[in-house]
1. Tell me, which residue of the range 139-152 that is in a helix (DSSP H, G or I) and touching a residue at least 40 places away in the same chain (Cβ under 8 Å) is most open to solvent (accessible area, probe 1.4 Å)?
2. Here is a list: ARG92, ARG10, ARG16, ARG71. Which entry is among the basic types (Lys, Arg), closer than 18 Å to ALA128 by Cβ and out of contact with any helix residue (DSSP H, G or I) (no Cβ under 6 Å at 6 or more places or on another chain)?
3. Out of everything in the range 72-86 that is open to solvent by 30 Å² or more (accessible area, probe 1.4 Å) and assigned to a helix (DSSP H, G or I), what residue ends up being nearest to ALA141 (Cα to Cα)?
4. Of the residues LEU136, LEU187, which single one is under 14 Å from the mean Cα position of the chain (by Cα), open to solvent by less than 60 Å² (accessible area, probe 1.4 Å) and within 20 Å of GLN96 (Cα to Cα)?
5. When you scan the range 24-40, do you find a residue that is touching a helix residue (DSSP H, G or I) at 6+ places or on another chain (Cβ under 8 Å), of a type outside the set (A, V, I, L, M, F, W, C) and at positive phi, even just one?
6. Given the residues ALA41, ALA79, which is the only one that is more than 30 Å from ALA190 (Cα to Cα) and either modelled with pLDDT of 90 or more or among the polar types (S, T, N, Q) (or both)?
7. Condition check: among the small types (Gly, Ala, Ser) and outside any helix (DSSP H, G or I). Does SER56 satisfy that?
8. When you look at ASP66, is it surrounded by 11 or more Cβ atoms within 10 Å (Cβ to Cβ) and modelled with pLDDT of 90 or more, yes or no?
Amino acid sequence: MDETPGLRERKKAATRAALHEAALQLAIDQGVDGVTVEAIADAANVSRRTFSNYFSGKEEAIFHGDTVRLRRMLELIRAQPADDQPWTALTRAALQLADETYLGNEEWLTRRRLLRGHPSLAAHQVAAFAVVERELAAELAERLSGDDVALRARVLAAIFLTTMRVAVQDSTEHPDRPLLDVVAAALAAAAPA
């Protein structure tokens, strides 16, 4: 079965990517508070209505790249062998994601440094992580057995996502340390006993 997206899906993905790139660049150039939805739509050469078909606001458009990376991380975790210990599966997926998307991507780290700490983006990030945390906990529950599986899965998901967030923050604050090394060290430090 052919899973290649059709023309319509590719056009939608291209529009979403163009809006994201426009939002990100405007946020870097003008600051998050100086960016408007209208400016993003103009920069991407689409209407305000088209913007609204893709994103609920400028924060979602700016954060879209991170949302894509979080979704990819879930895919990688789901692809890990079912008999792997949960933390082993999480670690393998995280290291693969870091290798795929961040390794050698200094532009991403530079952009992350410029936008870090903005209150409206932080709030959006927390919300996005909460959604992924629920999905991740459901995946981890399938890999666990024993008592309190649901609770243990939620705790493990929260620890993992917090570890990833801290690793990315540390890497943006210390650009001399490669992200892959920071992720590996953070996951080793947070590994359950």
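The values are calculated or read from the model by the stated rules, or taken from the named source; none is laboratory data. Remember, it's a predicted structure, so these values are computed and weren't measured experimentally. Note that we place each Cβ from the backbone using ideal geometry, even for glycine, and neighbour counts take in every protein chain shown. Areas reflect the complete protein model, heavy atoms only, side chains present, ligands, DNA and RNA absent. Shrake-Rupley method; radii C 1.70, N 1.55, O 1.52, S 1.80 Å.
1. We begin by selecting, within the range 139-152, every residue in a helix (DSSP H, G or I); these are 139-143, 149-152.
When the remaining residues are screened for being touching a residue at least 40 places away in the same chain (Cβ under 8 Å), the result is 139-140, 142-143.
Numbers: GLU139: 38, LEU140: 1, GLU142: 152, ARG143: 37 Å².
Among residues in the range 139-152 that are in a helix (DSSP H, G or I) and touching a residue at least 40 places away in the same chain (Cβ under 8 Å), the one most open to solvent (accessible area, probe 1.4 Å) is GLU142.
2. ARG71
3. Step one: of the range 72-86, the residues open to solvent by 30 Å² or more (accessible area, probe 1.4 Å) are 72, 75, 78-79, 81-83, 85.
The next check asks that each one be assigned to a helix (DSSP H, G or I); those that pass are 72, 75, 78.
Values: ARG72: 19, GLU75: 16, ARG78: 12 Å.
This residue is ARG78.
4. Just a single option satisfies the conditions, and that option is LEU136.
5. no
6. ALA41
7. Numbers: among the small types (Gly, Ala, Ser): yes; outside any helix (DSSP H, G or I): yes.
Here the answer is yes, as SER56 does meet what is asked.
8. The answer is no for ASP66.
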